[in-house]
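The values are calculated or read from the model by the stated rules, or taken from the named source; none is laboratory data. The shown structure was predicted, so the numbers you read here are calculated from the model rather than taken from an experiment. Cβ: placed from backbone, ideal geometry, glycine included. Neighbour counts: every protein chain shown.
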Amino acid sequence: MSSEEYPIIRSGGSLLLAWRTKNKNVLIVGGGEVATSRVIKSLEADALITLVCPEKGLKDELKYRIQQKQIHKWINREFENSDLEGIDMTLVAIDDPIRSKEICVMCRERKIPVNVADVPLMCDFYFMAEHRDGPLQIAVSTNGQGPKLATIIRDRLAENLPKGIAGAIKGVGLLRQKVRETDPSHTSSKKRMNWMSRICQQWTLEELQQLDEEKITTLMSFYENDDVPNISLIKERTLQKDRDETLEKQIDSNKKGRIILVGAGPGDPELMTVKATKALMSADLIVSDRLVPPAIFSNVTCEIRLAPAKSGEDKTPESQDQIQTWCLDALNEGKTVIRLKVGDPFLFGRGGEELAYFRDKGWNVEVIPGISSALSAPMAADVPVTHRGLSDQVLIITGQGTKGRFPELPKYHEMRTTVVLMAVGKANELSKELLDKGYPENLPSVFVENSNRPEERIIPATVSTLGEVVEKQQVVSPATLIIGRSVNALTI
Ligand SMILES: C[C@@]1(CC(=O)O)c2cc3[nH]c(cc4nc(cc5[nH]c(cc(n2)[C@H]1CCC(=O)O)[C@@](C)(CC(=O)O)[C@@H]5CCC(=O)O)C(CC(=O)O)=C4CCC(=O)O)c(CCC(=O)O)c3CC(=O)O
Ligand SMILES: NC(=O)C1=CN([C@@H]2O[C@H](COP(=O)(O)OP(=O)(O)OC[C@H]3O[C@@H](n4cnc5c(N)ncnc54)[C@H](O)[C@@H]3O)[C@@H](O)[C@H]2O)C=CC1
């Protein structure tokens, strides 16, 4: 064994420990400046103080602390041997060296640790120059060589500490407590310690300082997988949870029910979001558009009402009234109502109008997005709506438009894919409109009928043959039309 392997022992030091004196009986003898400082330090360490000193020798501060009942027991006389009964630690600060020595000897006989202020030989332990900031304590000892210097070094250290260090320690303390509560077993100790160390290393002090109950709860969800996320992710998730909770609270406070606008997606139940599926299961009433296929409801047990009109095109004000009445009645009965729409509620689903309506009636409306067939139908037809060199933009329009007019189309651009929803009714007119805007006659197009459903059909066409193809192939709605060079991106 080589001597270089192990550290050299530098004898003559003190064993530096953090002495836990909570509820321990600490005897303080004396009533002057030094005794006062011992009282304060002991109180800060939650000790039970017995103070022995005649009233005339007490400094004003000590009188005040006695009056405030911060001193467990004050004995109004000079020290007597019996005072050591039941004492765990003795601190002597009197101006009588002979008596000091006697007290020290008695303590040592009884194995009571003792400190006689300023008499190193009578000290079983020294006091140190201390800096305190919340849970942080930094103590400096010169082992009796230079107490004043100890205070100077302490001040220098304190000045150079990063700001907010106490807050960081508090944050870490809370987090450690939570980790131990969550995963208390002895066998997890390695995981706990490793995860805590990584948090402390990877987060800055400023970040650790921001740890509060809410962020800690969010952060704990990463503990299970042993992940250490950065703080921005934690903040984002916490904010989202706050929003969700506020929304829930608002709804709870109404106690009248809840309404959720849900996008059912293109028709395949597996293409619904998890949130949408959960919402359906929690509903008391579902008011659904007729275009939503029955497969979506296969696991639903609550009442389902279908909108009187099939889709936007033949929706009358009366049918919309019916939907609204159904929903409002159920809401007033305290029910959870789902307004279910195909695709995404906000993409040609008139979801915005319904939201505004219910909000106007004093209801909080939640919205759960759905996959629009504007994006899922092209996929079904093997069309990447953007594709390097062929298309760098997507235009989504309706083939119906309000009052029989198409939406204003932009001039043809070869790098654009055009997706037309509700495309079958006016295919001939659409064809003309497109040609007018400079779309080439032979530009590849494809109808996707009943996309993402078992009866799905893919029917190719070109801009000039849209009407003809609809007629010949008997294309029915719902159908999505995709036009542009990207249509053949994967076939050529
Ligand atoms: C051994 C020790 C035993 C003990 O008391 O525990 C001891 C002994 C002695 N102190 C003396 C003098 C002074 N002590 C202070 C101050 C403090 N003294 C403290 C601790 C200790 N003092 C222990 C060693 C700790 C260490 O080495 O680190 C501090 C840090 C903690 C505390 O007491 O709470 C506290 C600062 C509190 C604060 O500000 O936070 C000052 C400065 C001032 O008062 O401003 C002076 C004058 C200047 C100077 O001498 O430096 C003398 C000479 C007496 C003489 O010559 O007659 C002796 C005896 C000797 O050296 O033989
Ligand atoms: N005040 C200071 O800044 C410093 C004091 N010292 C030393 O520390 C010791 C204490 O000094 P101070 O706190 O200033 O006190 P002090 O010297 O002002 O007064 C002594 C205190 O001890 C009490 N007392 C005396 N005999 C007692 C007994 N038998 N039982 C109970 N109480 C008794 C007195 O009533 C008085 O309250 C002294 O030895 C002093 O020389 C050392 C360095 C600095």
Flagged in region 350-370 as of a type in the set (Gly, Ala, Ser) and surrounded by fewer than 21 Cβ atoms within 10 Å (Cβ to Cβ), in numbering order, are 352, 356, 362
Among the residues of region 62-76 satisfying the criterion of being within 18 Å of residue 33 (Cα to Cα) and in a loop (DSSP other than H, G, I, E, B), which is farthest from ligand 1 (Cβ to nearest atom)? 76
So which of 40, 75 is within 9 Å of ligand 2 (Cβ to nearest atom), of a type in the set (A, V, I, L, M, F, W, C) and surrounded by fewer than 18 Cβ atoms within 10 Å (Cβ to Cβ)? 75
Matching residues, region 36-78, being more than 45 Å from the chain's Cα centre (by Cα) and of a type in the set (Asp, Glu): 55, 60, 61, 78
Any idea which of (1) under 21 Å from residue 370 (Cα atoms); (2) buried (at least 21 other Cβ atoms within 10 Å of the Cβ) is the one residue 298 doesn't satisfy? (2)
Scanning region 94-106 residue by residue, those within 15 Å of ligand 1 (Cβ to nearest atom) and among the basic types (Lys, Arg) turn out to be 101
Mind checking which helices (runs of 4 or more DSSP H) fall wholly inside region 373-477 and carry at least 3 residues that are touching a residue at least 60 places away in the same chain (Cβ under 8 Å) and crowded, with 20+ Cβ neighbours inside 10 Å? 373-380
What number of residues in region 43-61 are in contact (Cβ under 8 Å) with a residue 24 or more places away in the chain and more than 16 Å from ligand 1 (Cβ to nearest atom)? 9
In region 37-61, anything over 18 Å from residue 116 (Cβ atoms) and either among the aromatic types (Phe, Trp, Tyr) or in a helix (DSSP H, G or I) (or both) is listed as 40, 43, 44, 55, 56, 60, 61
Scanning for something touching a Ser or Thr at 6+ places or on another chain (Cβ under 8 Å), hydrophobic (A, V, I, L, M, F, W, C) and surrounded by fewer than 16 Cβ atoms within 10 Å (Cβ to Cβ), does region 212-220 turn up at least one residue? yes
Note on residue 295: of the conditions (1) more than 28 Å from residue 422 (Cα to Cα); (2) assigned to a helix (DSSP H, G or I); (3) touching a Gly at 6+ places or on another chain (Cβ under 9 Å), unmet is (1)
Going by the conditions given, is residue 14 of a type in the set (Ser, Thr, Tyr), within 23 Å of residue 132 (Cβ to Cβ) and within 16 Å of ligand 2 (Cβ to nearest atom)? no
Out of the residues in region 1-35 that are among the charged types (D, E, K, R) and either more than 47 Å from the chain's Cα centre (by Cα) or more than 30 Å from residue 57 (Cα to Cα) (or both), state the one that is surrounded by the most Cβ atoms within 10 Å (Cβ to Cβ). 33
In region 268-295, which residue that is among the charged types (D, E, K, R) and within 25 Å of residue 320 (Cα to Cα) is surrounded by the fewest Cβ atoms within 10 Å (Cβ to Cβ)? 290
So, in region 90-134, of the ones that are among the small types (Gly, Ala, Ser) and at negative phi, which residue ends up farthest from ligand 2 (Cβ to nearest atom)? 129
Selected residue (criterion: modelled with the lowest pLDDT) from residues of region 146-184 that are among the hydrophobic types (A, V, I, L, M, F, W, C) and in contact with a Gly (Cβ under 7 Å, 6 or more places away or on another chain): 166
Restricting to region 125-148, give me the number of residues that are more than 7 Å from ligand 1 (Cβ to nearest atom), free of Cβ contacts under 8 Å to residues at least 40 places away in the same chain and under 20 Å from residue 36 (Cα atoms). 1
On the given criteria, is residue 91 within 15 Å of ligand 1 (Cβ to nearest atom), under 19 Å from residue 42 (Cβ atoms) and in contact (Cβ under 8 Å) with a residue 40 or more places away in the chain? yes
Within region 107-123, which residues are within 10 Å of ligand 1 (Cβ to nearest atom) and either within 37 Å of the chain's Cα centre (by Cα) or among the charged types (D, E, K, R) (or both)? 118
Find all pairs meeting these conditions: Cβ atoms under 9 angstrom apart; at least six residues apart or on different chains; first residue within region 5-25 and at negative phi and without any contact (Cβ under 8 Å) to a residue 12 or more places away in the chain; second residue of a type in the set (Val, Ile, Thr) and surrounded by 10 or more Cβ atoms within 10 Å (Cβ to Cβ). none
